[in-house]
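Engineer: Take a look at the following structure, please.
None of the figures in this text is laboratory data; all of them are computed from the coordinates on show. Keep in mind it's a predicted model, so treat the numbers as computed, not measured. Cβ atoms come from the backbone with ideal geometry, glycine included; neighbour counts cover every protein chain shown.
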Amino acid sequence: MTYEEIKKGETNRLEFKREIPTHDKRYLKTVVAFANGLGGSIVFGIDDKTLDIVGVPDDMLRKMED
């Protein structure tokens, strides 16, 4: 994903999440909506309000790979 794409913001098929929730499953509503619709992408590490790239901690990336 390019910076230009990020600057365009979220769409009905693109969702940004600042961080990966460890206990809160609210982001799963987006996953289900994408699965029941035309599909889509969730990009973690981008603030959905400011569109700032904040990144994701390395240890969280390892959990996602598992």
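Engineer: Search segment 4-33 for residues being over 12 Å from the mean Cα position of the chain (by Cα) and among the hydrophobic types (A, V, I, L, M, F, W, C), and hand back the single one that is nearest to ASP59 (Cα to Cα).
Structural biologist: VAL32
Engineer: Okay, next question. Of all residues in segment 34-57, which are farther than 17 Å from TYR3 by Cβ, surrounded by 14 or more Cβ atoms within 10 Å (Cβ to Cβ) and small (Gly, Ala, Ser)?
Structural biologist: The one that is farther than 17 Å from TYR3 by Cβ, surrounded by 14 or more Cβ atoms within 10 Å (Cβ to Cβ) and small (Gly, Ala, Ser): GLY40.
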